[in-house]
Amino acid sequence: MKVVENLKRIHQQINEACQKVDRNSDEVTLIAVTKYVSIERAQEALDAGINNLGENRDDSLLKKWEVIKDRPAWHYIGTLQTRKVKNIIGKVDYIHSLDRLSLAEEINKRASDKIKCLVQVNVSGEESKHGLSIEEVIPFIKSLSNFEHIVVDGLMTMAPLTDNEQILRDCFRKLRELRDQVQSIQLEFAPCSNLSMGMSNDFVIAIEEGATMIRIGTALVGEDG
């Protein structure tokens, strides 16, 4: 596994996708999802030039954070149990999976500084996926107005696992349109500038549809260290 070679290929794909839709590649943040790999493989990603690491379990994040905490921005991208908030607060820069009021309350209570959160949206409506429905998102965000430590920095979704390009585009486009609706309300605590969407199998399409954060695991760092 040569992370450097994988990164070079992915950067090329990012650049090509951005050129296709007249975007600047600097608008896209690449998050290396290291949940299935060792600390050494995560370190290899950092050494290759990655500045953002994503984890979806508190125990895995904490093990890596203890060793390499000073270098990357940390993204918590998995479902977050309310009782686990205390374990990661103060260690992560972004939480990509805010999807309920009880979780927002716990984050706000535990945080001592503002924490950037992305609201998770179940655009596809699949029962197996977490997140709010499209219709629930704006009322939910408005309900966070008095939470002084929460900044709604964007929206996140997971697209269906399919090779059907149109289904993927529809999913990503709907999230972008929803993000634009949130921005139009002009809530000070919800700039909602980021779209976290796209993974190893669909990130090119996600970029073409407006992704500002892509979460790449297998294609970048593999599945084991």
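The values are calculated or read from the model by the stated rules, or taken from the named source; none is laboratory data. All of these numbers come straight from a predicted model, not from anything done at the bench. A quick note on method: Cβ atoms are made from the backbone with ideal geometry, for glycine too, and the neighbour counts reach across all protein chains shown.
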Give all pairs with beta carbons closer than 9 Å in which a residue from region 173-191 that is at pLDDT below 95 meets a residue that is among the β-branched types (Val, Ile, Thr); count only pairs at least 6 apart in sequence or on separate chains.
none
Going by the conditions given, is Ala73 under 14 Å from the mean Cα position of the chain (by Cα) and over 17 Å from Gly198 (Cα atoms)?
yes
Do the conditions hold for Asp99, that is, is it modelled with pLDDT of 95 or more, surrounded by 14 or more Cβ atoms within 10 Å (Cβ to Cβ) and either more than 21 Å from Leu195 (Cα to Cα) or not aromatic (Phe, Trp, Tyr) (or both)?
yes
I'm trying to understand the selection: among the residues of region 69-91, which are out of contact with any helix residue (DSSP H, G or I) (no Cβ under 7 Å at 6 or more places or on another chain), without any contact (Cβ under 8 Å) to a residue 40 or more places away in the chain and of a type in the set (A, V, I, L, M)?
Ala73
Among the residues of region 2-30, which ones are outside any helix (DSSP H, G or I) and loosely packed, with under 14 Cβ neighbours inside 10 Å?
Lys2, Val21, Asp22, Asn24
Do we have any residue at all in region 40-56 that's modelled with pLDDT under 95, of a type in the set (D, E, K, R), under 22 Å from Gly78 (Cβ atoms) and assigned to a loop (DSSP other than H, G, I, E, B)?
no
Selection from region 1-38 of residues under 23 Å from Trp65 (Cβ atoms) and of a type in the set (A, V, I, L, M, F, W, C) yields Met1, Val3, Leu7, Leu30, Ile31, Ala32, Val33, Val37
Does Ser143 count as surrounded by fewer than 23 Cβ atoms within 10 Å (Cβ to Cβ) and either in contact with a helix residue (DSSP H, G or I) (Cβ under 7 Å, 6 or more places away or on another chain) or under 21 Å from Arg215 (Cα atoms) (or both)?
yes
Ile39 hydrophobic (A, V, I, L, M, F, W, C) and within 19 Å of Lys116 (Cβ to Cβ):
no
Of the residues that sit in region 194-225 and are touching a strand residue (DSSP E or B) at 6+ places or on another chain (Cβ under 6 Å) and surrounded by fewer than 22 Cβ atoms within 10 Å (Cβ to Cβ), which one is nearest to Leu53 (Cα to Cα)?
Gly217
Taking region 88-126 and keeping only residues that are closer than 20 Å to Arg173 by Cα and of a type in the set (Ser, Thr, Tyr), one is left with Ser97, Ser124
So Tyr36 passes all but one of these: (1) at pLDDT 95 or above; (2) within 18 Å of the chain's Cα centre (by Cα). Which condition number does it fail?
(1)
Taking the criterion of being under 13 Å from the mean Cα position of the chain (by Cα), within 24 Å of Val119 (Cβ to Cβ), surrounded by 21 or more Cβ atoms within 10 Å (Cβ to Cβ) and not aliphatic (A, V, I, L, M), would at least one residue in region 49-57 satisfy it?
yes
Mind checking which pairs have a first residue in region 1-18 that is at pLDDT 95 or above and a second that is surrounded by 13 or more Cβ atoms within 10 Å (Cβ to Cβ) and outside any helix (DSSP H, G or I), Cβ under 6 Å, 6 or more apart or different chains?
Leu7/Ala48; Ile14/Val28
Filtered residues of region 60-84 (kept if surrounded by 22 or more Cβ atoms within 10 Å (Cβ to Cβ) and of a type in the set (Val, Ile, Thr)):
Ile77
